[in-house]
Amino acid sequence: MNNKRDAVVVAYGRSPLAKAYKGSFAKTHPIEYGAQTLKGVIAKLPGFDTAVIDDVIVGCATPERYTGYNIGRLIAQRAGLPDSVPGQTVNRFCSSGLQTVAAAANAIMANQMDVVIAGGIEMMTDMNMLHPVEYQDALLSEQIPGTYISMGLTAENVAERCEITRYEMEAIAVESHRKAAAARDAGKFIDEIIPITVETDNGLIVISQDEGIRPNTNMLELAELKTPFKEDGAVTAATSSQMTDGTGFIILMAREKAEELGYTPVAKFVSFAVGGVAADIMGLGPIVAVPKVMKRTGLTIDDMDVIEINEAFASQTIACIRELKLPLGKINPNGGAMALGHPLGATGTVLTCKALSELKRTNGRYALITMCIGGGMGAAGIFEMEQNPK
């Protein structure tokens with residue numbers, strides 16, 4: 001049943017996902033590709049008066065250096081939004097881009113705001129994935145040795161604890177690239193990607209496709225890769241998410257505001273949940289978050305038509321699929337982070353864009369977005385399409 005304070009998605013979009021360090025965004029300021037993406041999403045709403053925006057909420061896992069100084073506000077300004085439009089930056093590591101959507105939806109449903117832009121961004125080219133020892137709390141590190149553990153080691157821990165073989169991990173990595181390549185070739189990402197213009201030594205060029213997809217990925221080649229996180233381990237670069245630069249944004253409105261402004265809702269935000277696990281097995285976070293959001297909504301996995309689970313690592317993806325009994329045919333139908341990349345703070349928004357586009361294509365109703373989170377957490381959100389009743 002519709003409610004006038006429902007938080008509905010009226011427009012969404014993401015940048016192409018570029019390889020960190022050597023990709024198309026490596027020499028472009030994140031505020032620039034963030035602003036271009038935001039402007040592209042806003043352009044999907046003809047005649048939209050940006051002065052009605054109540055807030056811009058941007059997720060970022062490392063809001064410092066190039067993404068510091070409250071990048072949420074800076075992107076809003078760079079995109080040409082009026083001074084009256086505020087901005088904030090949110091950090092819940094890998095789920096930051098989904099957390100912002102939940103925060104925006106909550107503000108709308110609580111009747112505190114009517115129009116909110118939520119999104120996420122990451123410049124992994126400029127990121128240090130290890131927290132320097134001099135900034136760590138020694139007592140906490142002693143009490144909970146996994147507090148500052150590297151993400152790669154958590155993936156090794158999950159593989160060992162859940163008895164997941166290297167062969168199984170490499171098989172799902174190959175499948176991720178296969179699905180992503182097929183989706184790209186079929187034009188399935190066109191609906192959600194906002195082309196970005198970047199300056200190079202050869203002049204301005206337009207980037208419109210994801211850069212990490214390797215269609216020829218195969219088991220023989222992956223079997224030759226080293227295990228960088230642990231000697232004689234099982235996790236490789238290929239069975240880990242790619243280091244990626246990227247961004248994405250979603251415009252949410254109260255249903256009554258969308259009707260007033262004449263915009264047709266794409267989907268409705270249903271619910272969101274987070275949960276915690278031990279930091280040294282952080283990849284198992286979805287195992288606690290997904291049941292919480294299902295219980296809260298009264299929905300089940302069977303009700304979901306699309307499931308986007310972030311492929312932070314193959315080991316944790318497989319473990320979560322098994323534990324939650326997720327149907328393989330609904331999971332990451334157009335590839336996951338091992339092929340497309342994981343721009344930490346942006347990933348929740350990127351996965352939401354992918355899921356909404358897939359629901360539109362397949363006439364589906366419900367989408368589940370879930371991911372593990374550094375530090376030992378998990379998040380899960382559910383969206384319902386507006387025009388696709390079963």
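Below, the figures for the structure above:
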| item | result |
| --- | --- |
| Members of region 154-174 found to be part of a helix (DSSP H, G or I) and either among the polar types (S, T, N, Q) or farther than 17 Å from H342 by Cβ (or both), listed by number | T154, E156, N157, A159, E160, R161, R166, Y167, E168, E170, A171, V174 |
| Test: residue in region 66-85 that is part of a helix (DSSP H, G or I), under 30 Å from A237 (Cα atoms) and under 18 Å from the mean Cα position of the chain (by Cα) | yes |
| Those residues of region 151-173 which are within 15 Å of I281 (Cβ to Cβ) and either exposed (fewer than 15 other Cβ atoms within 10 Å of the Cβ) or of a type in the set (D, E) (or both), in sequence order | E156, E160, R161, E163 |
| Where K226 falls short, out of the listed (1) within 23 Å of the chain's Cα centre (by Cα); (2) of a type outside the set (S, T, Y); (3) not in a strand (DSSP E or B) | (1) |
| Every pair of residues 6+ apart whose Cβ atoms lie under 9 Å, when the first sits in region 196-225 and is more than 21 Å from L17 (Cα to Cα) while the second is among the acidic types (D, E) | M219/E170; L222/E170; A223/E170; L225/E170 |
| Residue within region 4-15 that is modelled with pLDDT of 95 or more, buried (at least 24 other Cβ atoms within 10 Å of the Cβ) and of a type in the set (V, I, T) present | yes |
| Matching option when the condition is within 20 Å of D201 (Cα to Cα), surrounded by fewer than 24 Cβ atoms within 10 Å (Cβ to Cβ) and among the aromatic types (F, W, Y), among Y33, Y21 | Y21 |
| Residue ranges of helices (runs of 4 or more DSSP H) in region 297-377 with at least 1 members modelled with pLDDT of 95 or more and of a type in the set (S, T, N, Q) | 314-324, 347-362 |
| Number of the condition not met by I57 [criteria: (1) in a loop (DSSP other than H, G, I, E, B); (2) in contact with a helix residue (DSSP H, G or I) (Cβ under 7 Å, 6 or more places away or on another chain)] | (1) |
| Condition check for G40: under 30 Å from A237 (Cβ atoms) and either in contact with a Lys or Arg (Cβ under 6 Å, 6 or more places away or on another chain) or modelled with pLDDT of 95 or more (or both) | no |
| Close pairs from region 169-191: first closer than 14 Å to S241 by Cα and in contact (Cβ under 8 Å) with a residue 60 or more places away in the chain, partner polar (S, T, N, Q) and assigned to a helix (DSSP H, G or I), Cβ under 6 Å, at least 6 apart | M169/S315 |
| Unmet criterion (only one of (1) over 22 Å from E311 (Cα atoms); (2) part of a loop (DSSP other than H, G, I, E, B); (3) free of Cβ contacts under 8 Å to residues at least 60 places away in the same chain) for E134 | (2) |
| Among the residues listed as A105, A76, the single one being under 24 Å from M371 (Cβ atoms) and surrounded by 19 or more Cβ atoms within 10 Å (Cβ to Cβ) | A105 |
| All positions within region 313-333 that are surrounded by 24 or more Cβ atoms within 10 Å (Cβ to Cβ) and closer than 18 Å to A180 by Cβ | F313, A314, T317, N332 |
| Residue in region 116-127 that is within 21 Å of I31 (Cα to Cα) and at pLDDT below 95 present | yes |
| Sole residue being out of contact with any Ser or Thr (no Cβ under 9 Å at 6 or more places or on another chain) and touching a residue at least 24 places away in the same chain (Cβ under 8 Å), chosen from L299, L261 | L261 |
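To keep it simple, each residue is scored yes or no on (1) within 23 Å of G376 (Cα to Cα); (2) out of contact with any strand residue (DSSP E or B) (no Cβ under 7 Å at 6 or more places or on another chain).
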residue: C60; (1), (2): yes, no
residue: I75; (1), (2): no, no
residue: G80; (1), (2): no, yes
residue: S95; (1), (2): yes, no
residue: T100; (1), (2): yes, no
residue: V116; (1), (2): no, no
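The values are calculated or read from the model by the stated rules, or taken from the named source; none is laboratory data. The structure presented is a predicted model; accordingly, all values stated were derived computationally and were not measured. All Cβ positions, even for glycine, are placed from backbone atoms using ideal geometry, and neighbour counts span all protein chains on display.
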